[in-house]
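**Student:** Pasting a structure here, questions to come.
The values are calculated or read from the model by the stated rules, or taken from the named source; none is laboratory data. Predicted model, so just to flag it, every value in this text is computed and none were measured. Heads up, the Cβs are rebuilt from the backbone with ideal geometry, glycines too, and the neighbour counts pull from every protein chain shown. The accessibility values were calculated without ligands, DNA or RNA, using every heavy atom of the protein model including side chains. Shrake-Rupley method; radii C 1.70, N 1.55, O 1.52, S 1.80 Å.
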Amino acid sequence: MKHDQHKILDCTIRDGGLVNNWDFSVEFVQDMYRGLNAAGVEYMEIGYKNSAKLLKSDNAGPWRFLNEDFLREVIPTKNDTKLSALVDIGRVDENDILPREQSQLDLIRVASYIKDVDKGLQLVQKFHDMGYETTLNIMALSHVMENELNEAFELINRSPVDVVYVVDSYGSMNHKDIDYMVNKFQRLLPEKKLGLHMHNNMQLAFSNTVVGAEKGVEFLDTSVFGMGRAAGNCTTELLVSYLKNPRYDVRPVLDLIERHMVAMREKVEWGYIIPYMIAGTLNEHPRVAMAVRNTADKDKYVEFYDKLTTPETIANN
């Protein structure tokens, strides 16, 4: 299989920001952009383009609500690596989005639960009309019914969206699930490119991404050192090393990890941690595990497991 058909989208700043409330310095983000460029990574997701007016910010860093003037100061000159941002339905003010030729962004991704695919595609249409590349990221696929997916596909096929993402929000999918989902998406969305966004609750983010890549999925989400919400993502360094493409070079990614991520990992927590593993195996939203990690009982694994597997407790949640 030709590995040069793939595009890596590194979402360390956007997904990793969910871990540290987007408290990244400008220097760190500039360094990340330089490093990913040198590594040959095609896209860097530099944050969310949500609106502070529509969302309680809790003193979040500037990468939570990207401002175009700020973005131009941070990355005045772009290299080969394109910039992307993610928006959530109901949290984005369309008036905050400039036409692409006036923006530092190339790609805007719309995150949507299955029930809101129609609203997501409305946003996609607007961003497409403004000249952006677009994706629709269908979240929490492990909780989606077949009939819901089939109805959504009918709408997606009529939309100009460029890429449709299989998102394993709960980190509960294995290679058979990915095989099944990718086959289904390829069969029912024949004109669309596909993407994968995997979480590492069960140590399967990398292997699931590789399964999708081998089946021809083009857009592959990663993050440096796996930094992302809860169990984190498929690691950029592994995928850059694995894909046989002369444009990729792992050395600049290792440099980023050595100079920044090791120290960061000592201050904030992400990655394969037992409560996230338990939530993933039980196909539960990671928020239950994240909540317990913020308490004095964070390492009471048996208690957490019993709580999640006792029907009466679940009913009372």
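**Student:** Can you report the number of residues in region 38-82 which are farther than 18 Å from GLY228 by Cα and either aromatic (Phe, Trp, Tyr) or not in a loop (DSSP other than H, G, I, E, B) (or both)?
**Tutor:** Matching residues across region 38-82 total 13.
**Student:** Return the residues of region 163-179 that are out of contact with any helix residue (DSSP H, G or I) (no Cβ under 8 Å at 6 or more places or on another chain) and open to solvent by 10 Å² or more (accessible area, probe 1.4 Å); say none if nothing qualifies.
**Tutor:** Once the filter is applied, which keeps residues that are out of contact with any helix residue (DSSP H, G or I) (no Cβ under 8 Å at 6 or more places or on another chain) and open to solvent by 10 Å² or more (accessible area, probe 1.4 Å), region 163-179 yields only LYS176.
A quick yes/no check of all residues on (1) within 19 Å of VAL161 (Cα to Cα); (2) open to solvent by less than 20 Å² (accessible area, probe 1.4 Å); (3) of a type in the set (D, E, K, R):
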{"site": "TRP63", "(1), (2), (3)": "no, yes, no"}
{"site": "LEU66", "(1), (2), (3)": "no, yes, no"}
{"site": "ARG72", "(1), (2), (3)": "no, no, yes"}
{"site": "PRO76", "(1), (2), (3)": "no, no, no"}
{"site": "ASN79", "(1), (2), (3)": "no, no, no"}
{"site": "ALA85", "(1), (2), (3)": "yes, yes, no"}
{"site": "VAL92", "(1), (2), (3)": "yes, yes, no"}
{"site": "ARG100", "(1), (2), (3)": "yes, no, yes"}
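**Student:** If you don't mind, there's one more thing I want to ask. Please verify whether region 143-164 includes one or more residues that are modelled with pLDDT of 95 or more, under 14 Å from VAL217 (Cα atoms), in contact with a Gly (Cβ under 9 Å, 6 or more places away or on another chain) and part of a helix (DSSP H, G or I).
**Tutor:** no
**Student:** If THR313 satisfies all but one of (1) touching a helix residue (DSSP H, G or I) at 6+ places or on another chain (Cβ under 9 Å); (2) modelled with pLDDT of 95 or more; (3) farther than 16 Å from MET44 by Cβ, what's the number of the condition it fails?
**Tutor:** The failed condition is (2).
**Student:** Pairs only if they're at least six apart or on different chains, beta carbon under 7 angstrom, first in region 263-278 and farther than 21 Å from ASP23 by Cβ and open to solvent by 20 Å² or more (accessible area, probe 1.4 Å), second of a type in the set (S, T, N, Q) and not in a helix (DSSP H, G or I); list them, first residue then second.
**Tutor:** Close Cβ pairs (under 7 Å, with a partner that is of a type in the set (S, T, N, Q) and not in a helix (DSSP H, G or I)) amount to TYR272/ASN200; TYR272/GLN203; MET277/ASN201.
**Student:** Of the numbered conditions (1) open to solvent by less than 20 Å² (accessible area, probe 1.4 Å); (2) assigned to a helix (DSSP H, G or I), LEU9 satisfies every one except a single condition; which is it?
**Tutor:** Every listed condition holds for LEU9 apart from (2).
**Student:** If ASP297 passes every condition in (1) over 22 Å from the mean Cα position of the chain (by Cα); (2) part of a helix (DSSP H, G or I); (3) not aromatic (Phe, Trp, Tyr) but one, which one does it miss?
**Tutor:** That leaves (2) as the condition not met.
**Student:** Could you count how many residues in region 201-229 are surrounded by 18 or more Cβ atoms within 10 Å (Cβ to Cβ) and either over 12 Å from the mean Cα position of the chain (by Cα) or not in a loop (DSSP other than H, G, I, E, B) (or both)?
**Tutor:** 20
**Student:** Here is a list: VAL211, VAL182. Which entry is over 30 Å from ARG251 (Cβ atoms), in contact with a helix residue (DSSP H, G or I) (Cβ under 9 Å, 6 or more places away or on another chain) and modelled with pLDDT of 95 or more?
**Tutor:** It is VAL182.
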